[in-house]
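Written out below as structure tokens is the structure these notes cover.
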Amino acid sequence: MLAIGTANPTGVVIPQDQFTDDIFRMTKTDHLTELKEKMKRICQKTGIDKRYFYLNEESVDAHPEFLDRELPSLDARIDMAATAVPKLAQCAATKAIAEWGCPATNITHLVFSTYSAWKAPSFDHQLASLLGLRPTVSRTILSLHGCYGGGRALHLDKQLAENNRGARVLVACAELTLVCFGAPDGSNLVGTALFGDGAGAVIVGAGPFSEGERPLFEMVTATQTTIPRTEHVLGMQVSGAGVDFHLGIQVPTLIGQNIKQCLVDAFGNDNVPGSWNDLFWAVHPGGRPILDNIDTVLKLEPGKLAASRHVLREYGNMSGATIVFVLDELRRRRKEMGGDNLLQEWGAMLAFGPGITIETMVLRAPPLNEN
């Protein structure tokens, strides 16, 4: 990884402690007092302080069909996302390209991950145009991977960079909750309390490196695991009323039960560390119970998941883009709070999503004087 950029929608930042009042007012459901009290209790337990949103009260008022799952609204959501998602991705990608220090035309491959795309040509085509990439750039769109989309995109980027000499791959992840926004009901409270909007971008390349290119993290090995017979536990369904999320209460437990084997598979039996505390950790903060379970199962020391908890607190769960924010927070802490001594040399990245699918990647943080 040679550069990282992140972005959030501007203008709509909602503190978690006022989110319930805002969402019930916005969706004209204040009369559902029991449901509202339940949402408040859920929000208090999320570990989130604030979230960023693209939708505001005016845009919701302009689309009353968003509030009634019996009314068709997918076309309107797609039309809004078609402009907003690529522009948000452009903000993150522009930051990454600026940090990288090379012309955007040097990018050879583009991988775009989102759950908001249902048109062709899609967001990858639009982003390539917005950034001024070459017509020969090799584009790939990853759709509906959900919260493991960032991990899947980085896994693919690693393979592209390693198998195409001189390749410089841009991964872009951008997610907006407008495609699944709706009035709170008994089935969507947890997702409504967790998800926010954001975009992340990473420049990936294999050596030899040009002058000025500074590796941030080395992606050493990567694996993908699907937990058998869990497709009903976590998923997304597209309908005429938008995207419905299904988040089963078993998700944190199932991830905890399978995480050790995923790590062993990624490291290989001969390279498993003596203690999981010998690693630094970039974990997708799908929710506080997921992080708590990983802490418990791996017997991690306090603070090992601090970067993930910080991102959850400041941004919520931004689906596939969230892991990029965690990587950005890790490198920021390394730079500002202790240099090489802050991170162990070796680390692990974990992302989870529908399937249940677990993306696992072994990372190495090169010494700063090696960059």
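Side notes on the structure shown:
- Considering only Cys180, Gly198, Pro215, and ranking their Cα positions along the charge dipole of segment 132-273 that arises from unit charges at the beta-carbon of Lys, Arg, Asp and Glu, the one farthest toward the positive end is Pro215.
- Residues in segment 158-197 reached by a label modelled at Gln237 [backbone nitrogen below 13 Å; 7 Å Cα→Cβ]: 187-188
- Note on Glu301 and Asp270: the extension gain reaches 8.8 nm, defined as 0.36 nm multiplied by sequence separation minus the Cα-Cα distance.
- Length-normalised contact order of the chain in % [C-alpha pairs under 8 Å, at least 6 apart]: 24 percent
- Checking every one of the trypsin sites (Lys or Arg not before Pro) in segment 77-175 against DSSP loop status and a limit of 11 other Cβ atoms within 10 Å picks out Arg165.
- Linear extension gain, Arg332 paired with Lys28, 0.36 nm per residue minus alpha-carbon span: 105.3 nm
- Sum of -39500 (n - 2.57) over DSSP H runs of 4+, divided by residues of the chain (222 nm, nearest 500): -12000 deg cm²/dmol
- Cα-derived Rg over Rh, computed across segment 139-297 with Rh taken as Kirkwood radius: 0.99
- Remark: segment 199-216, residue by residue, has Karplus-estimated 3J(HN,Hα) of 9, x, 9, 9, 9, 10, x, 9, x, x, 9, 6, 4, x, 6, 10, x, 8 Hz, where x stands for each Gly or Pro and the curve is 6.51 cos²θ - 1.76 cosθ + 1.60 at θ = phi - 60°.
- Segment 234-320 - charge dipole about Cα centre, Lys and Arg +1 at Cβ, Asp and Glu -1, debye rounded to 20: 180 debye
- Protein accessible area in segment 27-178, 1.4 Å probe - carbon and sulfur %: 52 percent
- Surface exposure of segment 275-371, expressed per residue as accessible area with a 1.4 Å probe, stands at 34 Å².
- Interatomic Cα distance distribution for the chain, bins of 20 angstrom, percent: 30, 59, 11, 0
- Qualifying GluC sites (Glu not before Pro) for segment 123-211 [loop in DSSP, other Cβ within 10 Å: at most 12]: Glu211
- Checking every one of the trypsin sites (Lys or Arg not before Pro) in segment 239-341 against DSSP loop status and a limit of 15 other Cβ atoms within 10 Å picks out Lys299.
- Förster-model FRET efficiency, 25 Å R0, Gln257 and Ile42, C-beta, rounded to 0.05: 0.55
- Relative to the longest principal axis of the Cα atoms of the chain, the long axis of helix 306-315 lies at roughly 40 degrees.
- Taking the Cα centre of the chain as reference, the dipole from Cβ charges on Lys and Arg (+1) and Asp and Glu (-1) amounts to some 440 debye.
- Modelled label positions at Asn163 and Asp68, each set 7 Å beyond Cα in the direction of Cβ, lie 5.0 nm from each other.
The values are calculated or read from the model by the stated rules, or taken from the named source; none is laboratory data. Not measured: the values here are computed from a predicted model. Here Cβ is always computed from backbone atoms with ideal geometry, including for glycine, and neighbour counts include all displayed protein chains. What goes into the accessible areas is simple: the full protein's heavy atoms, side chains included, and nothing from ligands, DNA or RNA. Shrake-Rupley method; radii C 1.70, N 1.55, O 1.52, S 1.80 Å.
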